[in-house]
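Asks: Got a structure here, written out as structure tokens. Questions coming.
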Amino acid sequence: MEARAREGVSALKGKHWFWATVLGNWRLYRDALGAAVLINLFALAIPLYTMNVYDRVVPNNAIETLWVLSIGIGLVLLLNFVLTTVRAYVVDVASKKVDVQLSALIMERVLDLRMESRPASVGSFAANLRSFESVRDFIASASLTTLVDLPFILLFLVVLAWISPWMLIPPVVAIVIALVVSWFAQARMEQLTKQTFQAAAQRNAGLVESLAGLETLKVLNAQSGAQRSWEQSTEYLARQGAKIKLTSSLTVNTVQTLQQVVTIAVIIIGTYLIQEAQLSMGGIIASSMIAGRCLAPLGQVTGLMMQYQNARTSLDSVDMYMSLPVEHPDDRNFVPRPFLKGEIEFRGVSFSYPGTTQKVLDSLSFSLKAGEKVAIIGRIGSGKTTLSKLILGLFQPTAGTVVLDGLDNQQIDPADVRRSMGYVSQDPVLFYGTLKHNLTIGSPFASDDQMLAAAKQAGVDEFASRHPDGYDMMIGERGESLSGGQRQAIAVARALIGNPSILLLDEPSSNMDNQSESALRESLRKECDGKTVVLVTHRTALLDLVDRLIVMDMGRIVADGPKDQVIAALRGGQIGKARSAV
Ligand SMILES: Nc1ncnc2c1ncn2[C@@H]1O[C@H](COP(=O)(O)OP(=O)(O)OP(=O)(O)O)[C@@H](O)[C@H]1O
Ligand SMILES: [Mg+2]
């Protein structure tokens, strides 16, 4: 899957991701087009056959000619059958191929999105991505090939003019009316589709949020609010859906009626022409068949237009996601740094979260030598977690630089940066799967021994060995089947398993009891040897592990130095606001 996706990406440099993939399969579409040309030519066969039978065979009783013509038309019908089937199959194969390539491409981009550009709502993001199905259906739909039939309207008109120029009047007038009606319907459809699309995404956002926070909704007795907004948006969507349906069926029916009117008008004109001896009986029949055929593709095209609106709205939104900044842009080459020694330096780093103006980090400067161990303390919201996220390269500073091993971290492949770092987040997230899967998710090649060693050090072994399934115990989505402390232990094991040179621990023991915390401290003491450690904590127990202390307040460093000195200064009240942190 990955190799395929990458193949797709490299082939797409500098081109539009969607059209380039579709056009990449032009050979298949070319075949479908070739078939379409023949199919349209064959469409003239039956009217011309009928005309000849009426005009030549019947008056002259030429039975032999009848059979010669009939065998000819039989062959044409057989070929037509084969071509139509092959065309549908070819279009299907092409669109399946395009679908696989596009899905891989979209997923790759979505997973590579920079955190800054990640859409705020998971639910509407998912809904918009899923709506890509309508683009896929559109390219897959066999009716797309009716577009190819459009130019053949001209051919049919020429044949009509050859039979009699008067016959042109009804189809031409009808085509003009059909175009005008479709144009107005189109504009209305566009507006309705956009509104529906947004409302559907919003409804999904609400749904996902309510499901994820179901427990909290219940505890707060707040279900009625979620229910109300669901009902409102469902009602709105139903109303919009009805409007869309009405517009679409009005247009399609108009074109169908026009088609019938044209057939009748052609017969009326034909009758007058016969009276004046300008047309044969066969001519009248052939004309009415061909004139009907002129409008048939228009009818299908108006149907297709409705599908197109849907597809275009979702293509636009997926397109928007595809143009968001990613961590590995096509035109970017990174300096290879498969292993970092563990030097970290902040040079005048300031940071605000996207869409906000508040400086969460304000001109931070400090440097850590490889192997140095530092704790960062400070009041809630002072920017400690944000600081770790900048070290991990999840976010880039709005000013200043984060330097790793003497290199601006933007020069290093984010995957390399994170391979050298073990991170325990403040609120660890686990995934659906076995405990083993969760432990080795970041290091799939870790041996069982490595996994067990990390699990023992983090205290996972203690609860895993008591469980009947051991390391095969199933963990629910987001780790909901475990306690907060157990989740934290797994997160610590996950961070240790790849033996990284940098450990970023964001309150690794906040949910643990004293005994587990001191066990963790003892194993970390061994594990941290030789590693650069950045420990964020509100608890004093783990401070044993570090030699240096940085105190943060409102995004600034208010104290930085050897642990004992900083603690003494805090106790002595020399460091104002941050005092309550210890
Ligand atoms: N994703 C986000 N978008 C916008 N603002 C954010 C985001 N995450 C954090 N913040 C803001 O950044 C500031 C610092 O947050 P941060 O999580 O770094 O604090 P912290 O020091 O880790 O706090 P705590 O001790 O509670 O974990 C807070 O004011 C918070 O409101
Ligand atoms: Mg935090």
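Asks: Which one is nearest to ligand 2 (Cβ to nearest atom) among residues in the range 508-539 that are closer than 23 Å to residue 551 by Cα and basic (Lys, Arg)?
Replies: 539
Asks: Residue under question is residue 352, and the condition is that it be at pLDDT 95 or above and either outside the structural domain of residue 520 (by TED's automatic domain parsing) or more than 16 Å from ligand 2 (Cβ to nearest atom) (or both); does it hold?
Replies: When the stated conditions are applied, residue 352 passes them.
Asks: Out of 121, 103, 131, which single residue is polar (S, T, N, Q), under 16 Å from residue 318 (Cβ atoms) and crowded, with 18+ Cβ neighbours inside 10 Å? I'd like the intermediate steps shown before the answer.
Replies: On the way: 121 fails: crowded, with 18+ Cβ neighbours inside 10 Å; 103 fails: crowded, with 18+ Cβ neighbours inside 10 Å.
The match here is 131.
Asks: Being modelled with pLDDT under 90, closer than 30 Å to residue 137 by Cα and assigned by TED's automatic domain parsing to the domain that holds residue 151, is that true of even one residue in the range 46-66?
Replies: Checked against the condition, which is being modelled with pLDDT under 90, closer than 30 Å to residue 137 by Cα and assigned by TED's automatic domain parsing to the domain that holds residue 151, the range 46-66 yields no hits at all.
Asks: Further, regarding this structure: If you scan the range 376-401, which residues turn out to be more than 13 Å from ligand 1 (Cβ to nearest atom) and either in contact with a strand residue (DSSP E or B) (Cβ under 7 Å, 6 or more places away or on another chain) or not in a loop (DSSP other than H, G, I, E, B) (or both)?
Replies: Correct list: 397, 399, 400, 401.
Asks: Please tell me if residue 564 is of a type in the set (Asp, Glu) and not in a helix (DSSP H, G or I).
Replies: no
Asks: Filter the range 407-460 down to residues that are among the aromatic types (Phe, Trp, Tyr), within 24 Å of residue 326 (Cα to Cα) and more than 16 Å from ligand 2 (Cβ to nearest atom), then give me how many there are.
Replies: Summing the residues that are among the aromatic types (Phe, Trp, Tyr), within 24 Å of residue 326 (Cα to Cα) and more than 16 Å from ligand 2 (Cβ to nearest atom) in the range 407-460 gives 1.
Asks: Looking at this structure, is residue 203 modelled with pLDDT of 90 or more and within 30 Å of residue 231 (Cα to Cα)? Break it down stepwise before answering.
Replies: Values: modelled with pLDDT of 90 or more: yes; within 30 Å of residue 231 (Cα to Cα): yes.
Yes.
Asks: Within the range 317-337, is there a residue that is assigned to a helix (DSSP H, G or I), surrounded by fewer than 16 Cβ atoms within 10 Å (Cβ to Cβ), out of contact with any Ser or Thr (no Cβ under 8 Å at 6 or more places or on another chain) and not small (Gly, Ala, Ser)? Break it down into steps so the answer makes sense when it comes.
Replies: Residues of the range 317-337 that are assigned to a helix (DSSP H, G or I), as a first pass: 317-322.
Filter once more, keeping what is surrounded by fewer than 16 Cβ atoms within 10 Å (Cβ to Cβ): 319-320.
Of the ones still in play, those that are also out of contact with any Ser or Thr (no Cβ under 8 Å at 6 or more places or on another chain) are 319-320.
Filter once more, keeping what is not small (Gly, Ala, Ser): 319-320.
Yes, that holds for at least one residue.
Asks: Continuing with this model, one more query. Inspect the range 274-286 for any residue being surrounded by fewer than 13 Cβ atoms within 10 Å (Cβ to Cβ) and part of a helix (DSSP H, G or I) and give the result as yes or no.
Replies: yes
Asks: How about the range 73-165: which helices (runs of 4 or more DSSP H) wholly inside it have at least 3 residues that are within 25 Å of the chain's Cα centre (by Cα)?
Replies: Ranges flagged: 122-130, 132-140.
Asks: A further question follows. Check residue 404 against each of (1) buried (at least 22 other Cβ atoms within 10 Å of the Cβ); (2) within 16 Å of ligand 1 (Cβ to nearest atom) and name the one condition it does not meet.
Replies: The number of the failed condition is (2).
Asks: Can you tell me which residue is surrounded by the fewest Cβ atoms within 10 Å (Cβ to Cβ) among those in the range 378-401 that are within 17 Å of residue 424 (Cα to Cα) and away from ligand 2 (no atom under 11 Å from the Cβ)?
Replies: Filtering first and then ranking leaves 394.
Asks: Does residue 542 satisfy the condition of being within 16 Å of ligand 2 (Cβ to nearest atom) and assigned to a helix (DSSP H, G or I)?
Replies: Criteria met by residue 542.
Asks: Quick one: residue 170 ticks every box in (1) surrounded by fewer than 18 Cβ atoms within 10 Å (Cβ to Cβ); (2) over 31 Å from the mean Cα position of the chain (by Cα) bar one, so which box is it?
Replies: The failed condition is (1).
Asks: For residue 365, only one of the following conditions fails: (1) of a type in the set (S, T, N, Q); (2) assigned to a helix (DSSP H, G or I); (3) more than 16 Å from ligand 1 (Cβ to nearest atom). What is its number?
Replies: With (1) of a type in the set (S, T, N, Q); (2) assigned to a helix (DSSP H, G or I); (3) more than 16 Å from ligand 1 (Cβ to nearest atom) applied to residue 365, the lone miss is (2).
Asks: Would you be able to say whether some residue in the range 336-348 is modelled with pLDDT of 90 or more and within 16 Å of ligand 1 (Cβ to nearest atom)?
Replies: yes
The values are calculated or read from the model by the stated rules, or taken from the named source; none is laboratory data. If you're wondering where the values come from, they're calculated on a predicted model, not measured in any experiment. Glycine also receives a Cβ, built like all others from the backbone with ideal geometry; neighbour counts cover every protein chain displayed.
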